[in-house]
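Contents: one structure, followed by commentary.
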Amino acid sequence: MKKPQILACAAVLLFGVQLAKAQVGIGTTTPTAQLTIDTGTSGLAPLELSSTTTAPTSNLSGGQIAVINNELYFFEPTRNHWFSVTTIPITFARNGNVDNNNLYFGGRITNQGSGAPMLKNGTIIGVSATSSGGSATKRFELRVRNDGSDVSVTDLSLSDNELYDDTLNVDFSAGDTLTMRARNDGDGDVSNPSIILWIKWRE
């Protein structure tokens with residue numbers, strides 16, 4: 001191959017590499033990210049994703065987003081679910097010394113079947129809890145219930161009167177109820193426990 005041809009091939013290759021690294025701007029000549037969309041004063045939304053009624057099922061990977069039933073979701077590969085961008089806290093608490101009692105949600109719980117009724121399918125992705133004293137390792141039961149029966153029971157235990165866990169993966173369905181109960185394990189009372197469940201809607 002002649003020298004000019006070699007130089008021409010090298011130039012084309014170099015141009016292709018630079019093009020692959022280039023930023024893209026829509027409505028702007030000075031993009032500040034890999035893709036920048038600037039609608040200026042047009043009044044138009046910068047991006048529109050068509051809503052679907054079912055979650056995507058093929059070629060899934062972390063970082064994907066979709067609008068499902070008019071709500072924004074992202075794919076979470078660790079738990080293998082489409083989750084709502086929104087995270088909802090569900091709080092249970094009870095004043096005083098507690099042992100073998102339900103905690104209160106949104107008012108007084110009067111029986112084991114009472115609690116937080118769930119609007120949609122979802123997943124409990126984390127829990128944070130504190131207490132002011134008493135049993136430092138008090139054990140609690142997170143119960144997913146439906147029609148008076150347990151769907152699932154998950155043990156949660158304090159450590160030094162605290163608990164922080166963002167690895168939970170407890171599914172529930174629309175119509176299920178979430179309850180929280182202190183266990184009577186012979187380890188005495190726990191004082192003023194407060195537990196927050198962190199949930200995301202699931203598709």
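Evaluating T41 against the criteria (1) modelled with pLDDT of 90 or more; (2) open to solvent by 50 Å² or more (accessible area, probe 1.4 Å); (3) assigned to a loop (DSSP other than H, G, I, E, B) leaves one unmet condition, (1). The residue pairs whose first member lies in the range 189-203 and is over 20 Å from L168 (Cβ atoms) and of a type in the set (D, E), whose second member is assigned to a strand (DSSP E or B) and at pLDDT 95 or above, and whose beta carbons are closer than 6 Å, counting only pairs six or more residues apart or on different chains, are D189/G134. Entry remark, the range 110-154: residues being free of Cβ contacts under 8 Å to residues at least 60 places away in the same chain, touching a strand residue (DSSP E or B) at 6+ places or on another chain (Cβ under 9 Å) and either surrounded by 20 or more Cβ atoms within 10 Å (Cβ to Cβ) or not in a loop (DSSP other than H, G, I, E, B) (or both) number 17 in total. Step by step: first the residues of the range 155-183, then only those that are acidic (D, E) and open to solvent by 60 Å² or more (accessible area, probe 1.4 Å), then the one that is nearest to the chain's Cα centre (by Cα). Which residue is that? For the range 155-183, the residue satisfying everything is D166.
The values are calculated or read from the model by the stated rules, or taken from the named source; none is laboratory data. Computed from a predicted model, the values in this text were never measured in an experiment. Here the Cβ is made from the backbone with ideal geometry for all residues, glycine too, and neighbour counts use every protein chain on show. Please note that ligands, DNA and RNA were not included when accessible areas were found on the heavy atoms of the full protein model with its side chains. Shrake-Rupley method; radii C 1.70, N 1.55, O 1.52, S 1.80 Å.
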